[in-house]
Every structure is written in structure tokens, then in C-alpha cells.
Amino acid sequence: MNDPIAVFPNETYLNGLRDADASVVDALYNEFRQPVARAVEAAGGTYADGGTFFRVAVLQTAQLVQTGNYPAEAPIFLYLKNLAVAQYKDWLLEKGQEIPTTPEPEEGEAQILESMPNSEALRETRQQIRAKRQFTRLTIDDQKQILTLANTLSAGQSMATAPEKAVIDRYKTLLNERDSAWEETLPTWVVAPLTNAHFHQIWTACEAMERRLSSSQVPTSGENKTIRYAFITFVLLTLGYAAFTWFSRDQTPAEVYDDNFKPPASILDDMAARYAKDSVPPVRPEACTIAFSQADLHYKKREWREAATELASMMNDSLKTCQSDALFYLAIVGLELERPELTIECIAKIEDLERFGEDIYWYMALAYVQMAAQDPAEKDIARRAVQRAMSNTEIPERRAQAEKMLEELVD
């Protein structure tokens, strides 16, 4: 069963989690992190809570898939969403806090809710994540001793030389377990995340995405910095990396992308054509009209960063009626700036997706092709995105383009 907002078939995500495929973890973040975070917000949390428990849900879902305990028919998005909310609620219970009233489950979610892990399993996952996170804060020498001990306990062997008590104490202090009496030198919730290769691979993939998001994430609530500052900071921090990936990327996907990326010549003209089909033209605040005009001037001069800044200026809550259009054209500018992650983030944030029709699938597919141009390991994801775009197009020329792209993306 596939979820309507998913780019790829459900099996692609499940197989990727089973194999600890970093590119699939990237896809989960790019496509589902924001809607899952919004679900946690709707359950009473903050945007930061949403991001935190999305990551917890990805790690626990990967474990369930890898051990054969994932309900195979459950769409991955709905499962991540409900697991993140379940983790958030259980965390509140653990802290002795009141659980806010949450929205009624959507149609088709009842069976998924029944398959959620119990409270003990939810808390064990959070403990494992805490153990892994605090382990990384130890010194290298302490990490070596703790890891040697964990591997020995995992293998059921006896330790020839036990770590210094001070090393264990330092780790327990980081875990806020200094006064706890562990039955073993290290409890199973510490040993498991430190010795399980699959957990480590998924953890590493999540860590990489979190680092990228810290500089490129599009905010989804007023509590975060505005998109303008996030975007400018992102460009400044990654300018050198963008230059490097331009010269080192795989050329075949790059050529595929260059041959098929045909953006509109003008933002204003494209917007006018899009709204020409409406019987009632949209009414926008004057600030939006000015910002779109300024963005279009920069856009036609290929001044991408300046155009992005103007589009980003419409992310204020007072200009909400303009944001979907601004995000759509910012997604296109993201491709011009060779920042496909930004493109996918912007598309994921658009609320009235139906207004943009199949263009959404097309530009998202091109974003994945651009990612493959920068990292050949993303080719399989790019092919699937192009296939999804092809299945959602009614334009013969675009279908022909997609078929050609698929041929050229063959290894």
C-alpha cells in the first residue's frame, strides 16, 4: 500500500531501512520530516519536538523493519507520523506532564495505531538513543574502553581487563545514571545501540541529515528563524561545498539534468498563466505584489540569490496567502543554485499542492536527478522519482523527456 504523498513505492522505503541505505533515510527526511513535525505540533508539541521525535521514529521504524516486526501493509508516512506522536505522548507521560487533547486519527490510521509499540518499547528506544548520543560526548580513550566492554558483553564473553571504574562513572554521569545501580556493568539498552551495526548505520545517516538541515532547513513555524536568514546562512556556509560538488559530480546525471531542466522564463508570466484558469483572480497584499515583482526582476537577470531573498521575504505569517507561490518559485531557484535539498524542502511545505499540478512531481524528480549528479549513489532514488513524475504527467513532451531521462540514468 502506498501513501499518496510518498514519492516512491512503500517497498522502496522499507527495503532501504532494512538495508540501512543512507539515500532512503535522506528521502524520508526530505519528504516526511515536515508533515510529521506538524503532526507532533498538532498533538501539543513544538516544532523542535516534531523534529526530535521524527528522528526517534525513523530509528525505531528501521529497527522494526530490520527485525521483521513492521506491519508490512502500513504506509511509511502514516507509520512514522503516528509513531512520532506516540513517542511524544509517552515522553510526556514519563516526565509526569499532562497530555494535550490530540486530533482524531485520520481515515485508515486505526489499524496503524493498534500496531504501535507499547510504552516499554517506546522508552527503550529513547534510552538507546540517549546512550548513543552521550557515548559520542566521551573522550576517544573512554569511548574505546566502553565500546570494548559493550562488544564483549554482546558476544557473551568475559572481560579480560575491565574498564576503569572512573570511565564507567563518567559515562553514567552523562546519562544521568550516576546514582543508578546497574545489574550488569552496562545494561542492555546501552550495549545494543553501541554494538548493533544496523542501528549505527541508520544513526549515522540521520546525523548527516540533521547537520544538513541545521543550515538548510525551511522553518515551518514562527518560533524558528525566518526563511530569509536561514537561506542566506545556508548559501554562505555551503558555497565552497557547492563549488566542489560541481566539479566532482557524476557527469551522466548532470547531463540528464541540464537537458531537461527548462524553468519558466519569468515568475510573473508563469504565475499569470497559472491563475488565468481561475474564475476569481487571487487578491494579494501589496507587499506580496512588490516582492514578486522584485523577485522576477532578479530572476530574469539570473540573480538567483537576490531572487531567493525576495521570495523568502514572504514567509511572514501576515503574508500567508502568498507563501505557496513563493515556495514554488523558491524551489525552482533552489535548482538553479544547485541546492536540491532546498527544492524538496520547499515543495514539502507547499499547502495547496494541487494548484501546481504535475509540476510538483516534475521539479521534485529533477531535484533528485540533481542530487544524483552530485552523488552517484543517489541514482536509484532519482530513477524512481522520474518514474513517479512520468506516471503523473499528461503532457506528451514531458513523458518523452522522462522516458529519455530513465534511459540515460541507467548505470
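The values are calculated or read from the model by the stated rules, or taken from the named source; none is laboratory data. Worth saying up front: this structure is predicted, and the values here are computed from it rather than measured. Here the Cβ positions follow ideal geometry from the backbone for every residue, glycine too, while neighbour counts run over all protein chains shown. Note: accessible area is taken over every heavy atom of the protein model, side chains too, but ligands, DNA and RNA are not part of it. Shrake-Rupley method; radii C 1.70, N 1.55, O 1.52, S 1.80 Å.
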Point to revise | Selection count, the range 79-91, where residues are open to solvent by 40 Å² or more (accessible area, probe 1.4 Å) and in contact with a helix residue (DSSP H, G or I) (Cβ under 8 Å, 6 or more places away or on another chain) | key: 1
Practice item. Sort through 6, 20, 48 and tell me the only one that's modelled with pLDDT of 85 or more and of a type in the set (A, V, I, L, M, F, W, C). Key: 20
**Study point:** Sole exception among (1) buried (at least 21 other Cβ atoms within 10 Å of the Cβ); (2) closer than 26 Å to residue 391 by Cα for residue 360, by number
**Key:** (1)
Practice item. Name the one entry in 167, 191 that is more than 21 Å from residue 91 (Cα to Cα) and modelled with pLDDT under 90. Key: 167
Check your understanding: Within the range 263-274, how many residues turn out to be assigned to a helix (DSSP H, G or I) and open to solvent by less than 50 Å² (accessible area, probe 1.4 Å)?
Key -> 4
Check your understanding: Just to be sure, is residue 78 within 19 Å of the chain's Cα centre (by Cα), closer than 15 Å to residue 118 by Cβ and of a type in the set (A, V, I, L, M, F, W, C)?
Key -> no
Revision key, fill the gap. The condition of being surrounded by fewer than 24 Cβ atoms within 10 Å (Cβ to Cβ), touching a Cys at 6+ places or on another chain (Cβ under 6 Å) and of a type in the set (A, V, I, L, M) holds, among 297, 319, only for 319
**Study point:** Residue within the range 102-110 that is at pLDDT below 95 and either under 14 Å from residue 17 (Cβ atoms) or open to solvent by less than 20 Å² (accessible area, probe 1.4 Å) (or both) present
**Key:** yes
Review point. Picking from 253, 281, 263, which residue would you name as being modelled with pLDDT under 90, closer than 30 Å to residue 397 by Cβ and touching a Phe, Trp or Tyr at 6+ places or on another chain (Cβ under 7 Å)?
Key: 281
Check your understanding: Got a sec? Which helices (runs of 4 or more DSSP H) wholly within the range 1-78 have at least 2 residues that are crowded, with 20+ Cβ neighbours inside 10 Å and of a type in the set (Gly, Ala, Ser)?
Key -> 22-42, 47-66
Review point. (1) touching a residue at least 40 places away in the same chain (Cβ under 8 Å); (2) open to solvent by less than 20 Å² (accessible area, probe 1.4 Å); (3) of a type in the set (D, E, K, R): which one isn't true of residue 130, the others all being true?
Key: (2)
Review point. Of all residues in the range 133-151, how many are aliphatic (A, V, I, L, M) and open to solvent by 20 Å² or more (accessible area, probe 1.4 Å)?
Key: 2
Point to revise | Pairs, first of a type in the set (Gly, Ala, Ser) in the range 169-196, second surrounded by 17 or more Cβ atoms within 10 Å (Cβ to Cβ), C-beta under 8 Å, six or more apart | key: 180/172; 192/128; 192/199
